Amino acid sequence: MDHYRVYGNPIQQSKSPIIHNAFAIQTAQSIQYDKQLVKLNEFEHVVKTFILEGGKGANVTAPFKEQACQLCDHLSDRAKLSGAVNTLSFHKGEIFGDNTDGLGLVQDLISHQVKLANKKILLLGAGGAAKGVVYSLLEQKPELLIVANRTVAKAQLIVDQYPHENIKSSSFDDTSKFEFDVIINATSAGLSGESVPIPKQIIKAKTICYDMVYGKALTPFLKMAQELGAAQVIDGLGMLVGQAAESFYIWRNVKPETDNIMRQLRAELS
Ligand code: ATR
């Protein structure tokens, strides 16, 4: 039986074992997948130990995605550009790194009939979560992708990674100079119960708002968007399942179906 695992700190909340074990049953793959809490200074040690024990791969969640990137012998283009890795694969003692967060996000948006090609997209935040999705968003060929952050210099660092004309950084205030079709919250503001301090007028009746975070109740950002009359508000549960499905595909070369586990997780939230 092949062994996989997710690393993070904290990790208790992680739904990845439930998702991957459901995928394994669905696709008749013989795998074991569990979660492990990692002390902040022990990431490299625990990964290398897992490799020696015969582990086949691992998911990486906060705060280790950047460290995971450093640890890899080989990186996919999207992992290299984002500087963050959420999927490790181990082959013959070498570590391969990829980032499936952006694919998970884009697929979830597509499954909600959200169009990205030739659209104007606003990405809020410039931490690990934002970095991980820029590559996949640009692949959808938006007319414009603005990365806005409280600390604008961090947004500019992300923009500098991409030689595209259609990606720019901004302060939150300056986002009012544009009209957006889709606004994606990748800040961690909601985790402390705060909404994002963006100008309220950028959320209009046609705007679709997405929060990478999910929970039982609407996140503060989505609550604000709903109150302002946004066309659609979508939380990040589908992105979570989507990125897991892409990791599973990398490891097992089988694409799992995601509707059933989505329904199960959504029901467990309510
Ligand atoms: P993650 O891995 O979740 O992205 P992170 O790398 O710590 O976590 O990044 C957190 C992001 O949320 C950053 O963009 C941060 O803004 P700064 O770069 O200016 O710190 C943003 N953020 C966190 N709390 C916020 C708040 N209350 N208002 C606005 N942005 C916030």
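Give Ile203, Ile208, Ile250 a once-over and let me know the one that is β-branched (Val, Ile, Thr) and not assigned by TED's automatic domain parsing to the domain that holds Val147.
Ile250
Could you tell me whether Gly93 is outside the structural domain of Ser188 (by TED's automatic domain parsing), more than 24 Å from Glu139 (Cα to Cα) and surrounded by 20 or more Cβ atoms within 10 Å (Cβ to Cβ)?
Here the answer is no, as Gly93 does not meet what is asked.
Here is a list: Val133, Val114, Val106. Which entry is crowded, with 22+ Cβ neighbours inside 10 Å and modelled with pLDDT of 95 or more?
Exactly one residue qualifies, and that residue is Val133.
How do the helices (runs of 4 or more DSSP H) wholly within segment 31-143 filter down when requiring 1 or more residues that are at negative phi and in contact with a strand residue (DSSP E or B) (Cβ under 6 Å, 6 or more places away or on another chain): which remain?
Fully inside segment 31-143 and qualifying: 43-52, 65-71, 77-82, 128-139.
Looking only at segment 182-193, filter to residues that are part of a loop (DSSP other than H, G, I, E, B) and under 16 Å from Ala126 (Cβ atoms); which one of those is farthest from the ligand (Cβ to nearest atom)?
Ala186
Based on this model, can you work out whether Glu179 counts as within 12 Å of the ligand (Cβ to nearest atom), part of a loop (DSSP other than H, G, I, E, B) and touching a residue at least 12 places away in the same chain (Cβ under 8 Å)?
Criteria not met by Glu179.
Return the total of residues in segment 87-105 being touching a residue at least 60 places away in the same chain (Cβ under 8 Å) and under 17 Å from Val147 (Cα atoms).
2
Condition test on Val196, is it part of a loop (DSSP other than H, G, I, E, B), farther than 20 Å from Lys115 by Cβ and away from the ligand (no atom under 13 Å from the Cβ)?
Answer is no for this residue.
Please go through segment 160-171 and pick out each residue that is crowded, with 19+ Cβ neighbours inside 10 Å and within 15 Å of the ligand (Cβ to nearest atom).
Ser169, Ser170
Quick one: which of Lys131, Lys120, Lys154, Lys141 is among the basic types (Lys, Arg) and closer than 17 Å to Ile183 by Cβ?
Testing whether each residue is among the basic types (Lys, Arg) and closer than 17 Å to Ile183 by Cβ leaves just Lys120.
Report every pair of residues separated by at least 6 positions or lying on different chains whose Cβ atoms are under 8 Å apart, first residue within segment 57-73 and farther than 22 Å from Gln32 by Cβ, second of a type in the set (Asp, Glu) and more than 9 Å from the ligand (Cβ to nearest atom).
Gln67/Glu44; Leu71/Glu44; Asp73/Glu94
Could you tell me which residue of segment 209-218 is surrounded by the fewest Cβ atoms within 10 Å (Cβ to Cβ), considering only residues that are under 16 Å from the mean Cα position of the chain (by Cα) and under 22 Å from Arg263 (Cβ atoms)?
Gly215
Are any residues in segment 237-263 outside any helix (DSSP H, G or I) and touching a residue at least 40 places away in the same chain (Cβ under 8 Å), and if so, which ones?
Result: Val254, Pro256, Glu257.
Would you mention how many residues in segment 155-176 are in a helix (DSSP H, G or I) and either among the polar types (S, T, N, Q) or under 18 Å from the mean Cα position of the chain (by Cα) (or both)?
6
The values are calculated or read from the model by the stated rules, or taken from the named source; none is laboratory data. Given the structure is predicted, the values throughout are model-derived calculations rather than measurements. As a convention, Cβ positions derive from the backbone with ideal geometry for all residues, glycine included, and neighbour counts pool all protein chains shown.
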